[in-house]
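The values are calculated or read from the model by the stated rules, or taken from the named source; none is laboratory data. A quick note: this is a predicted structure, and the numbers were derived from the prediction, not measured. Virtual Cβ from ideal backbone geometry, glycine too; neighbours counted across all protein chains shown.
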Amino acid sequence: MTFTRRTTLQWLATATALSLANRGVAAAAAPQATGAPPPFKVVGWPASIAPMPAAPGYGRDPDLTAPKVPWPLTLTKAQRATVDMLGDMILPADAASPGAGTLGVGAFIDEWISAPYPQQQDDRGKIIAGLTWLDAQSRVLHGGAFTAATAAQRATLLDALTVETPSAAMAQPVAFMDRLRNLFVLGFYSLPEGKADMGYIGDQPTEGPYPGPTPEAQAHFAALLTTLKLPPLPSPSQA
Amino acid sequence: MAAAKGADGPVDVIIVGSGAAGGMAAHVLTKAGVRCLILEAGRDYDPQAEVNMFAPESDAPLRGTGTPDKPFGYFDATVDGGWQVEGEPYTMTEGSDFRWYRPRMLGGRTNHWGRHVPRFGAYDFKPFSRDGLGADWPIGYDDVAPFYDRVERMIGVNGGKLGLENHPDSPPGCLMPPPKPRVPEMLITAAAESLGIPVRAAHTAVLTRDMPDKVAPRSACFNATPCTRGCTIGAMFQTTTSLLPMAKATGRLRVVTDAMVSRVVMGARGRAAGVEYVDRKTGQRHQVKARAVVLAAGTGETARLLLNSGEAGRGLANSSGELGRNLTDSTGASFRAFIPGLAGRPRYNEDGIGGQHIYIPFWQYEQQKRGELDFARGYHFEIGGRFGVPAEAALPRVWGKDLKQAVRNASGATIGLTLRGEMIPNKDTFCEIDPNVKDKFGIPVLRFAFRWSKHEINQVAHGRRAAHSVFKRLNGTILDPDLPPEQIMTAGGEIIHELGTARMGADPKSSVVDSYGQTWDVDNVVLMDGATFASGPHKNPTLTILALALRASERLATRLSSGALA
């Protein structure tokens, strides 16, 4: 048997793997639309987005040993370029890992919003409308599409889209960015490069009893108990 | 009756279903020399050929995220079934919300299950005697204990000592050693115990030692890969890698898959002659005969089968009128918090044996007995929190290098407590035949009615206070929405612990079966699944299903060999 690496979406749930709750990505709590307006006049949210043509899902009984995506990708070239650029801004390259756009997570975003399932179609509405809004807002401010703006201009827009309490006019644009950002987090950190960035250790079959926390992890735990004024456990290996 | 294709040759017992109960029945009966035929509604399934244990989620569409096609993720073991089955609907009464999970595969739900296997305690078998609600079982803990002992050794359970009221310990030799706890579990232990809330090693149906067998050898868990994908090394208990191959090896078991049983067919002297089933692939109807019929189709399907048999409008084995009633599911709710003290903690491998290593058993029996609680039955918490992609709610609204740093910081810093609680049967919760709807085979479908009572709602509210007290003791930031308990509870059926639709009892007037699952009205129809439960304790039901199926199967084998069913 060849052991290859694996990840688990159980990470996303953080709750116990015993939970049989849907492992779909939960929507982030909607921000309160009571914040200060951004330093520009906000353009209107697109009225409606054309529905996606019918596409096949993978069905209830796909071949689990040969996974594939049966639906076509639907982002236009320009939309994909914007998504890739946003990926490199939201999760930029640094010493630990490449940027999300450069790593190709834009293809995952496209796969996600092109999937014929209710959650993904809901996200599609948000994200296509958001990309349309972003270009419209950019044109009003800078006379060109978002990808044609300067780095500083793009940063100003992204700042306005990443606030705890948006103004009423920014509620939908901020909800769009919340969704896109969280999809980038999912898409990026489930790849080997993202896992390495988090310092993730796992996916390694280990024969024999589970080794448990390392001495370093035990020491951190002991110090944490002291900080929290909790008594030590009877023995480190005892629950 | 015509012999079915692929089912020719005489059989002694027809077993409907191949999950925990059907697998146990086949194993015990064939070992006793009884010729068995399993009729499984789902398709054939071979974990060795089909399970993808090691592929990263990034190999799967949508990074493996659950969809209506694969509700628990792309690589999840459940195939060809789920919350909806093509052409096989169910309906609900107005105002009811009930989810019915139906795997359609050999091995049923055991291919994908929680693996948490606590024993029921003495109180759990006599709930009516304790608080005047629901019904007592006709048997007590002492009757079932020897079967728990044997089932734990048969399926392989790891766990530790509990030493708590109504949480029986296993005698020596039953359990394999439990795995060491992970750091978040140790931290929850320290905080909870300081608040008087006990934390113990969970009993889990995952091998921590090899289990040799000539036919179906199983290996100890190698501390990697998600159990719910299925386990090709056999570390997790599932009938497809254990009881079913063992039963087949006797030469006395035949299995027909894609066989949707539509009704029990009656013969002479008030006995069942066999069953009728529909071949799901051809739509053809077949009848097969046997000396006895074991129903192990799952709580809902077993009730449906009996309701669709016998007298029109009344069903079979329903002289009590209790068939389809007393349906329960476990309550469910999840709580989580970001723990600043865990942020950026030292990395190590936290995969372990898949699920939780420790859990919080119910600890308030004395308060409940004294009437200090506003709910009558208990709950437990299953414990979560690992390294990995942080929950969205645990990340700040930032972008750029701040976001990358926030992810590093928050990975492994979120902990979760998942509540599972007992529901008391109520008159508004049941299943019945929908007179207007049939499935694609022409079989009338079930209609569910479901309602939580104040007991369950207050229990979830209590659980939230308890979970949050643990989080606060750890200076945690609670990530749960501030909603009324009714809105944070799972829907009926969602925990997939449906039980009770043909409950056992001491009195034929108020129960459907006796303590051996034998229907009061038809002495060669024996029920072995969750339908027979007289109550649905918070403790996950599969171990008890297996123990009662073992007990009932040995009784049936004795009756067959003594000529009682000649």
Counting just the residues of region B:339-361 that are crowded, with 24+ Cβ neighbours inside 10 Å and more than 8 Å from chain A (Cβ to nearest Cβ), which one comes out nearest to B:HIS455 (Cα to Cα)?
-> B:ILE360
With (1) away from chain B (no Cβ under 14 Å); (2) among the hydroxyl-bearing types (Ser, Thr, Tyr); (3) more than 29 Å from B:GLN405 (Cβ to Cβ) as the list, and A:SER138 as the residue in question, which single condition is left unmet?
-> (3)
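Could you tell me whether B:GLY384 is of a type outside the set (Asp, Glu) and either in contact with a Pro (Cβ under 9 Å, 6 or more places away or on another chain) or facing chain A (nearest Cβ under 7 Å) (or both)?
Answer is yes for this residue.
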Filtering region B:311-333 for residues that are small (Gly, Ala, Ser) and either surrounded by fewer than 22 Cβ atoms within 10 Å (Cβ to Cβ) or in contact with a Cys (Cβ under 7 Å, 6 or more places away or on another chain) (or both) leaves a count of 6
Subset of region B:143-167 [crowded, with 20+ Cβ neighbours inside 10 Å and touching a Pro at 6+ places or on another chain (Cβ under 9 Å)] | B:TYR148, B:ASN158, B:GLY159, B:LEU162, B:ASN166, B:HIS167
Answer with yes or no whether B:PHE72 is within 7 Å of chain A (Cβ to nearest Cβ), over 24 Å from the mean Cα position of the chain (by Cα) and touching a residue at least 60 places away in the same chain (Cβ under 8 Å).
-> no
Since B:CYS227 meets every condition but one in (1) surrounded by fewer than 23 Cβ atoms within 10 Å (Cβ to Cβ); (2) in contact (Cβ under 8 Å) with a residue 40 or more places away in the chain; (3) in contact with a Lys or Arg (Cβ under 7 Å, 6 or more places away or on another chain), which condition does it not meet?
-> (1)
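Residues are listed down the side, and each one gets a yes or a no for (1) under 19 Å from the mean Cα position of the chain (by Cα); (2) β-branched (Val, Ile, Thr):
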residue	(1), (2)
A:THR65	no, yes
A:LYS68	no, no
A:PRO72	no, no
A:ARG80	yes, no
A:LEU86	yes, no
A:PRO92	yes, no
A:ALA96	yes, no
A:VAL105	yes, yes
Buried (at least 19 other Cβ atoms within 10 Å of the Cβ), more than 17 Å from the chain's Cα centre (by Cα) and within 30 Å of B:CYS231 (Cβ to Cβ) - does that describe any residue in region A:222-239?
-> yes
State whether the residues of region B:542-556 include one that is assigned to a loop (DSSP other than H, G, I, E, B) and surrounded by 23 or more Cβ atoms within 10 Å (Cβ to Cβ).
-> no
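Conditions tested, residue by residue: (1) closer than 19 Å to B:THR429 by Cα; (2) under 25 Å from the mean Cα position of the chain (by Cα).
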{"residue": "B:PHE450", "(1), (2)": "yes, yes"}
{"residue": "B:ARG464", "(1), (2)": "no, yes"}
{"residue": "B:PRO481", "(1), (2)": "no, no"}
{"residue": "B:ARG503", "(1), (2)": "yes, yes"}
{"residue": "B:GLN518", "(1), (2)": "no, yes"}
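Anything in region B:387-427 that is within 28 Å of B:PRO118 (Cβ to Cβ) and more than 7 Å from chain A (Cβ to nearest Cβ)? List them, or say none.
B:GLY412, B:ILE415, B:LEU417, B:LEU419, B:ARG420, B:GLY421, B:GLU422, B:MET423, B:ILE424, B:PRO425, B:ASN426
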Here is a list of conditions, (1) surrounded by 18 or more Cβ atoms within 10 Å (Cβ to Cβ); (2) of a type outside the set (Asp, Glu); (3) in contact with a helix residue (DSSP H, G or I) (Cβ under 8 Å, 6 or more places away or on another chain), and B:PRO179 meets all of them except one; can you say which number that is?
-> (3)
Out of region B:75-98, which residues are at the interface with another protein chain (Cβ under 9 Å from one of its Cβ atoms), closer than 29 Å to B:PRO444 by Cβ and among the small types (Gly, Ala, Ser)?
-> B:GLY81, B:GLY82
Among the listed residues A:GLY59, A:GLY35, A:GLY44, A:GLY24, which satisfies the condition of being part of a loop (DSSP other than H, G, I, E, B), facing chain B (nearest Cβ under 7 Å) and modelled with pLDDT of 50 or more?
-> A:GLY59
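Residue-by-condition table, conditions (1) without any contact (Cβ under 8 Å) to a residue 40 or more places away in the chain; (2) of a type in the set (Gly, Ala, Ser); (3) farther than 30 Å from A:THR206 by Cα:
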| residue | (1), (2), (3) |
| --- | --- |
| B:VAL117 | no, no, no |
| B:TYR123 | no, no, yes |
| B:PHE128 | yes, no, yes |
| B:ASP136 | no, no, yes |
| B:PRO171 | yes, no, no |
| B:ILE188 | no, no, no |
| B:GLY196 | no, yes, yes |
Among the helices (runs of 4 or more DSSP H) confined wholly to region A:126-234, which include 2 or more residues that are in contact with a Leu (Cβ under 6 Å, 6 or more places away or on another chain)?
-> A:171-189
Only residues in region B:232-255 that are at positive phi count as the first member; pair them with residues that are of a type in the set (S, T, N, Q) and assigned to a loop (DSSP other than H, G, I, E, B), Cβ under 9 angstrom, at least 6 apart or cross-chain, and list the lot.
-> B:GLY234/B:SER219; B:GLY234/B:SER242
Filter region B:138-180 for residues that are under 30 Å from A:ALA219 (Cα atoms) and touching a Gly at 6+ places or on another chain (Cβ under 7 Å); which is farthest from the other protein chains (Cβ to nearest Cβ)?
-> B:MET176
For B:GLY17, are the conditions met, namely being surrounded by 23 or more Cβ atoms within 10 Å (Cβ to Cβ) and at positive phi?
-> yes
Among the residues of region B:443-452, is there at least one that is touching a Phe, Trp or Tyr at 6+ places or on another chain (Cβ under 7 Å), assigned to a loop (DSSP other than H, G, I, E, B) and of a type outside the set (Lys, Arg)?
-> yes
Looking for whichever is touching a helix residue (DSSP H, G or I) at 6+ places or on another chain (Cβ under 8 Å) and part of a loop (DSSP other than H, G, I, E, B) here; the options are A:PRO116, A:PRO72, A:PRO92. Which one fits?
-> A:PRO92
Only residues that are crowded, with 21+ Cβ neighbours inside 10 Å and part of a loop (DSSP other than H, G, I, E, B): list them for region B:370-398, please.
-> B:PHE375, B:ALA376, B:ARG377, B:GLY378, B:GLY385, B:ARG386, B:PHE387, B:GLY388, B:VAL389, B:PRO390, B:ALA391
Would you be able to say whether some residue in region B:25-40 is within 11 Å of another protein chain (Cβ to nearest Cβ), outside any strand (DSSP E or B) and in contact (Cβ under 8 Å) with a residue 12 or more places away in the chain?
-> no
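Which residues, taken from region A:198-209, are under 31 Å from the mean Cα position of the chain (by Cα) and either more than 7 Å from chain B (Cβ to nearest Cβ) or within 26 Å of B:ALA220 (Cβ to Cβ) (or both)?
Here is the first cut: in region A:198-209, the ones under 31 Å from the mean Cα position of the chain (by Cα) are A:198-206.
Hits for region A:198-209 are A:TYR200, A:ILE201, A:GLY202, A:ASP203, A:GLN204, A:PRO205, A:THR206.
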Sort out for me the strands (runs of 3 or more DSSP E) sitting completely within region B:207-283 that have 1 or more residues that are more than 12 Å from chain A (Cβ to nearest Cβ), within 24 Å of the chain's Cα centre (by Cα) and not acidic (Asp, Glu).
-> B:253-256, B:259-266
